[in-house]
Amino acid sequence: MNLPKLSNRTILGLIVAMYLIVGVGYSLAMPVLEASDEFKHYPYVQYVQTHHALPVLDPATCLETPSECPWLQDGGQPPTYYVLLAAATSWIDTSDLSELRRVNWHAFIGNPGQVCNKNLIIHRPEQEQFPWDGAVLAVHVCRLITVVIGAGSVVLSYLAVRELFPDRPALALGATALAAFNPMFIFVNASVNNDAMTTFVGSLNLLMFARLVRDGVDDPLPLKRYVLVGLTMGLFLLTKLSALTAVMLLPILLAWIGYRRCSWRPLTVGLATIMGVAALMSGWWFARNWRLYGDLTGLNVFIDIQGRRGGFPSLQSWIEEFVTFRWTYWGLFGGVNVMAPIWVYRFFDGLSLIALVGFGVWLVQRGELNRLLQSVRYPQSAPPPSRWWIPAVWAGILFASVLRWTWIFYSFQGRFMFPNIGGISALLMLGLHQWVPRERHAEASLGIGLVTFAIAAMLPFTTLLPTYAHPEAMELSDVPEGARVEPVPVGDVAQVVGWELKQQTIEPDDNDADVDVVVYWQATSPDGGDYVSFAHLLGRDHKLVGEINRRPACGMVPTDFWEPGEVWRDPYQIPVAEDARAPTQLRVEVGLYDPEAEHTLGLVQIGRAKLAPPKSSVDLAHALDVKLSDGVMLQGYDLAPADVHAGETLTVTLYWRAGAPPSRDYQVFVHMLGDDAKPLVQGDGPPVKGYYPTSLWEAGETISDPHPMVLPSDLPAGRYRLLVGMYNLETMERVPRSDGKGTSIEIPLTVTGD
């Protein structure tokens, strides 16, 4: 297709139409209140609709009785978006919101790696089926309006880029497509979220800023131009505090205009007029915040409710969280816990890297950076540079503000850059165009637009719908035959009728390791209680080293929904704690817990997984390399303390190495002998105190196996022998040495006198 045969307006219309189709698809794919923070934003809308007033934040109420503060910290957001939607839904009876909004407080918010339990709300699918009514209808109306607001952002982005780069129509269309088909942009604009309105007003301000600089460097601007910018700035301030980044950008733009024209008027008259008009529009909001909270922005109570991160983030933390920043710019859905396929992120990472490198090449090779520097050095004579620096500077300010916010809370999210999405998309597309001849820029824009559209269009089907698919109750006969067990009661309400727990080995240096297990619950006599299901990992000393606590059936079907006889399949992905001591067997137990009564209804031990020993080499004080049959070798030993006295505890640490997996569980014997064969002290027991039995050993593993022995207080000083080895506890038969030299290994020991 040859793009120049179509007018720019026609192509823009196609982009908007394609965005609207996909946006409606995203809206319909997400259950009500599941979109980004929608379960907080819509109650704000509903409160304004029903009370004709703005909510007042009270941290004590929000934290202690959140049902009375359903908007949580977002009740402190500026009101423009919420008032607009409240007016648009004023004709709908939304009194059923409290029944609809049953929050899943155990949802894995911010954890996209978990297998399920991503829903923020407990849903009854029959309540949300079409035809809609009540609060469900209101949410869908709000979403549709927000999709249309997003279409406005798309158009404004196009207009802004045309102003920034007037001689590059293919760039404007490509940047518009890159913004419109950004999956995260579509997701935000298909939900009830004030970020959509923020993006719209931010795009409007970018357009106004571009025109302000375009016209202001040539001729004095009339007062009405400053008034118009002040109106858009005031609207921005009444939409979200992200507007403060535009307030920071504004003096830079006016100073540039004044510097180029050798005039103080843009800063003295222009800045005063713009901020004066903005203050007249939005001042009441800041005065209200000061009156209610003692803070112009209201951020003090916002943060009190949201919480703070513990301590200042390190550089390493920022680098690790930058992954979330990238993903949430391009598409991390739900409660920051629903991932697109990993290849989507790799594609956008690659696209971004190519674009950023290309943008740098464009700055240097095309002399744009030099032109900007020359304009600074010779403001009167140097030709004006292109206006690429306006969105670049704003992007830098926005990024700095996001970094500043991460000092306070774990919220390093790329979507906070969306007020400047048109400008950022223009810079990225500019970099991508650098790699193709200018006559091919239109085709490059078309190709990138079609690819991003295809990705965005598929995600509702490949990601959103499967994630929120409501589980169906099973029959007992549906439980896989290999998973069935004799029913094990869990209190009086349920029983475990099956589980799936495959053999799993966790490496000790794998910080992202999980143990996967599937449990089959059967309701027996549900009593209407809302119980929490749990899956625990127990390591050494029965210490809890991994847990999942949530409602059953992937967090979607609480026990008060259960009917007698129903069976629910329930997968768990239990993370292993980093401080779990290796090696050890990880005992897996599941059960139900009553959070109100604070007691466990019952638990079931369903098996074990394996936490393997470290792979690092062992520095042996005494090497031996004596092989036993059945694949076991004693590599060496340590004695601590080396200078042991009577009455002290001697720890004999044996270092076993598995040449092959042993065929059974063995006991270890450690006998201290004098001149005769009668043991003076014994230290028998399973390896690693029973926490890592030989049936778990695998070829190549080295196992550190300590055996403490208390020496008799009247033991004479002198030379003794330690005999060590293994035996079968059932038959008491010792494991023979492979060299035919008996069934034990002798270790010399000296007991020191006083």
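Structural remarks
- Rounded tilt (10° steps) of 315-330 against the dominant C-alpha axis of the chain: 60 degrees
- Residues within the reach of a label modelled at residue 476 (point 7 angstrom out along Cα to beta-carbon, backbone nitrogen below 14 Å), restricted to region 502-543, are 521-525.
- Region 173-219: C-alpha gyration tensor shape, a/c 1.5 cut-off, then a/b vs b/c: oblate
- Which of 402, 393 is most accessible, then next, and so on - probe 1.4 Å: 393, 402
- Shape category assigned to region 312-361 from the gyration tensor of Cα positions, a/c cut at 1.5: oblate
- Working ranking of peptides 572-581, 194-203, 213-222 by packing, defined as the average number of other Cβ atoms within 10 Å per residue, highest first, is 194-203, 572-581, 213-222.
- Measuring nothing but how far apart in sequence close Cα pairs (under 8 Å, 6+ apart) lie, relative to its length, the chain scores a relative contact order of 11 percent.
- Out-of-range pairs (alpha-carbon distance over 29 Å; input 689/741; 502/615; 678/741; 543/678; 5/224; 118/610): 543/678; 5/224
- Calculated from backbone phi, Karplus (6.51, -1.76, 1.60) coupling profile of region 578-590 in Hz, x at Gly/Pro: 5, 8, 5, 6, 10, x, 6, 7, 9, 6, 9, 9, 10
- Given charges at Cβ of Lys, Arg, Asp, Glu: the chain dipole, positive-most of 671, 196, 533: 196
- Label corresponding to mean projected area of the Cα convex hull in nm² when calculated from the structure given, among (1) 58.0; (2) 44.4; (3) 31.4: (2)
- Cysteines, the chain, no other Cys beta-carbon under 4.7 Å: 142, 262
- Among 733-745, 110-122, sorting by the average number of other beta carbon atoms lying within 10 angstrom of each residue, highest first, gives 110-122, 733-745.
- Helical runs (DSSP H, four residues minimum) scored at -39500 (n - 2.57) apiece and divided by the length of the chain put the mean residue ellipticity at 222 nm at -13000 deg cm²/dmol.
- Placing pseudo-labels 7 Å out from each Cα toward the beta carbon at residue 717 and residue 365 gives an inter-label distance of 8.4 nm.
- Averaged over residues, the count of other Cβ atoms within 10 Å places the peptides 352-359, 297-304, 58-65, 177-184 in the sequence 177-184, 297-304, 352-359, 58-65, highest first.
- Largest to smallest accessible area among 554, 262 [probe 1.4 Å]: 262, 554
- According to the Cα-based calculation, Rg over Rh for region 518-591 is 1.07, with Rh computed by the Kirkwood formula.
- DSSP beta bridges fully contained in the chain are about 95 percent antiparallel.
- Global geometry of region 140-294, whether rounded, prolate or oblate, following the gyration tensor of its Cα atoms and the 1.5 cut on a/c: oblate
- Within the shell of other residues whose beta carbon sits under 10 angstrom from the beta carbon of residue 574, the net charge comes to -3, with Lys and Arg scored +1 and Asp and Glu -1.
- Region 165-242 versus region 66-84: alpha-carbon centroid distance in Å: 25 Å
The values are calculated or read from the model by the stated rules, or taken from the named source; none is laboratory data. Since the model is a prediction, treat every value here as computed from it, not as a measurement. All Cβ positions, glycine included, derive from the backbone under ideal geometry; neighbour counts span all protein chains shown. Note: accessible area is taken over every heavy atom of the protein model, side chains too, but ligands, DNA and RNA are not part of it. Shrake-Rupley method; radii C 1.70, N 1.55, O 1.52, S 1.80 Å.
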